[in-house]
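For reference, the structure is listed below as structure tokens.
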Amino acid sequence: MSPVHEFIVNFDELESAETPCSAAVSGLLQEQAKEHAEDSSVRNVCFAWPDGRRAFFNYAYLVSSEFEPIDEKNVIQLRFSSYIVILHGYRLEAMFMALLNHLPRIITATDPRYTLTAESNTPVVVNIRIEPKAD
């Protein structure tokens, strides 16, 4: 009949179908939520707790960082100009190396009872502590 009528029919068909491209874009957006894009000019790191609390710091104020492999659990200390952020968790060396390049955008703490005991390469943060820096 008219091209507008065909457009409406085609639109309904496309809306209901999941295309491979839309699935890829969705996965990419989820991935970028955790890390900054390579060309990002403003970089912050946000710390999130299981209870919904959040705090963020700008990487420009990150003065130094230290990784401590203590037995099974690891510790990362991030020294910002006014605060020290201490991360406790498992397999944190990869996260430390990502922090070196200012890549993590959101670091989320997981309740310790939900951490997997099986071998995995994924870093797991179980505790985030923020302390004012002593002058």
Amide hydrogen neighbours beyond the local backbone of ARG105, cut-off 5 Å, H modeled: GLU35, HIS36
From phi via Karplus (6.51, -1.76, 1.60), per-residue ³J(HN,Hα) for segment 65-76 in Hz, x at Gly/Pro: 8, 9, 10, 10, x, 10, 6, 7, 8, 10, 10, 10
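Rule-based calculations on the coordinates, nothing more; no lab input. It should be emphasised that the depicted structure is a prediction, and the values quoted were computed from it without experimental measurement.
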